[in-house]
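Trainee: To start, I am sharing the structure in question, which I have written as structure tokens.
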Amino acid sequence: ILLLYLSSYPAALEKLKPIAELASRGGSNDGKKMPITVLLSNYGQSRFLINYICAARARNIDVSRVLLFATDKETYKLGKSMGLAVFYDELFAFFPKDAAKNYHDIGYALLMMAKVFSVHLVNALGHDLLFSDVDIALYKDPTEYFFQQSAAYDAFFQHDGYHHPARFAPLAANTGFYYVQNNERTRYFFSVFVRMGDLVIKERSHQAALTTLINEHMSLYGLRVKVMGKDSKQFMSGYHYHADKKLMRKLKEGRHEPHLFHANWLPGDLKMPVLMETKNWFVQEQCLDKSFSELKATAVDEIGLDCCLLEPAPYVKESSHGDEEKTEEEFQKVIERMQNSTGSRVEFL
């Protein structure tokens, strides 16, 4: 896989260059150059990709600088139909089209590799970037937060919560949402990281491999990293859903407006229910679990116009399913495994 990427890298970089440059300017050659928001998705994650864009648009957040890396042709077509800048290359052909069946399976590991490749390509072209998982709903444009931060830091990471195994120590940096300034230190970091693909596959984790390298580069090369622990309530996640019920109640009642809510720390089948519960689901039901051709056949114009809701979908708790009890049970299992083994390979991203 790594050999294929490195052999395809020069051509892929040239192919991406004009797409990334236009994305950095908001789709206009005369636009101001700003950080690129990097998303990566296969079609198995399409419902979350659509929701990411629909939620942002419902809240008047500009997505003109989003650059989607599609790992299959259907996702490429979907992204283009939503008006996004999209990059697809045959080097992604070996990545799975479906969502990972389980955390830590080979499909999951391959998607983690694709994340590394996407960030490396954009960073190598000299752009500042914000990498975001698609299981995130934005409330505000997060780049505004980073513009207000000290230039003394090279990268900012969402805090991953206070229950984590030793392999994520000491920073507990979540790799589903992070901002990277482009400079010699970050370019060197990602050029090394992309060549550590064997570690990503071995660990079946983007986060564990990146944490290992961050620790090394902070110590040896002066890489300056900030994890947003102090501001974690502005960058909420599944950790808060489990561990801070008071904050979650404020969020649901509209008394707390963070920059985002990240549906991590959750198994795949509970992400959508939790996004609905937190009033962060903006996709019409008829757009779920459809092939691109089925979506296109029913679209009047852009898919985004047909699939997006202007207001969050109503959440109706199905007591027979016991979603809340199920998420609590899953959370406790995660914590127990982490406490029992420092080498535990448990993370929900």
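The values are calculated or read from the model by the stated rules, or taken from the named source; none is laboratory data. Model, not experiment: these values are computed from the prediction. Note that we place each Cβ from the backbone using ideal geometry, even for glycine, and neighbour counts take in every protein chain shown. The area values use the complete protein model at the heavy-atom level, side chains included, leaving out ligands, DNA and RNA. Shrake-Rupley method; radii C 1.70, N 1.55, O 1.52, S 1.80 Å.
Trainee: Please state which one of Ala93, Ala58 is at pLDDT 95 or above, open to solvent by 20 Å² or more (accessible area, probe 1.4 Å) and among the small types (Gly, Ala, Ser).
Mentor: Ala58
Trainee: Among the small types (Gly, Ala, Ser), closer than 19 Å to Ile136 by Cα and part of a helix (DSSP H, G or I): does that describe Ser64?
Mentor: no
Trainee: Same structure, new question: Going through Lys250, Lys230, Lys245, Lys271 one at a time, which residue ends up being under 19 Å from Phe157 (Cα atoms) and among the basic types (Lys, Arg)?
Mentor: The unique qualifying residue is Lys230.
Trainee: Return the residues of the stretch 32-44 that are part of a loop (DSSP other than H, G, I, E, B) and either in contact (Cβ under 8 Å) with a residue 24 or more places away in the chain or buried (at least 24 other Cβ atoms within 10 Å of the Cβ) (or both); say none if nothing qualifies.
Mentor: Selection gives Met34, Pro35, Asn42.
Trainee: Taking the stated definitions as given, is Asp105 out of contact with any Ser or Thr (no Cβ under 9 Å at 6 or more places or on another chain), modelled with pLDDT of 95 or more and either open to solvent by 10 Å² or more (accessible area, probe 1.4 Å) or more than 21 Å from Ser28 (Cα to Cα) (or both)?
Mentor: Criteria not met by Asp105.
Let's see how each residue does on (1) within 29 Å of Glu257 (Cα to Cα); (2) surrounded by fewer than 20 Cβ atoms within 10 Å (Cβ to Cβ):
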residue	(1), (2)
Phe117	no, no
Asp133	yes, no
Ala137	yes, no
Lys140	yes, yes
Asp160	yes, no
Phe193	no, no
Lys202	no, yes
Tyr221	no, yes
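Trainee: Then there's this: Residues in the stretch 9-18 that are touching a strand residue (DSSP E or B) at 6+ places or on another chain (Cβ under 8 Å) and either surrounded by fewer than 17 Cβ atoms within 10 Å (Cβ to Cβ) or not aliphatic (A, V, I, L, M) (or both): how many?
Mentor: Qualifying residue count for the region: 1.
Trainee: Next question. Somewhere in the stretch 236-249, is a residue touching a strand residue (DSSP E or B) at 6+ places or on another chain (Cβ under 9 Å) and charged (D, E, K, R)?
Mentor: yes
Trainee: Taking the residues in the stretch 232-246 that are in contact (Cβ under 8 Å) with a residue 24 or more places away in the chain and surrounded by fewer than 20 Cβ atoms within 10 Å (Cβ to Cβ) as candidates, determine which candidate is farthest from Ser150 (Cα to Cα).
Mentor: The residue in question is Ala243.
Trainee: Here is a further query. Enumerate the pairs (first residue in the stretch 296-322 and on the phi > 0 side of the Ramachandran plot; second residue anywhere and of a type outside the set (Phe, Trp, Tyr) and modelled with pLDDT of 90 or more) with beta-carbon separation below 8 Å, excluding pairs fewer than 6 apart on the same chain, so at least 6 apart or on different chains.
Mentor: Note: no pairs meet the criteria.
Trainee: Give the stretch 254-266 a look and list any residue that's open to solvent by 20 Å² or more (accessible area, probe 1.4 Å) and modelled with pLDDT under 95, or say none.
Mentor: If the condition is that a residue be open to solvent by 20 Å² or more (accessible area, probe 1.4 Å) and modelled with pLDDT under 95, then Gly254 is the only one that fits.
Residue by residue, here is whether (1) assigned to a loop (DSSP other than H, G, I, E, B); (2) in contact with a helix residue (DSSP H, G or I) (Cβ under 7 Å, 6 or more places away or on another chain); (3) open to solvent by less than 10 Å² (accessible area, probe 1.4 Å); (4) not hydrophobic (A, V, I, L, M, F, W, C) holds:
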| site | (1), (2), (3), (4) |
| --- | --- |
| Ser46 | no, yes, no, yes |
| Ile53 | no, yes, yes, no |
| Gly79 | no, no, yes, yes |
| Gly83 | yes, yes, no, yes |
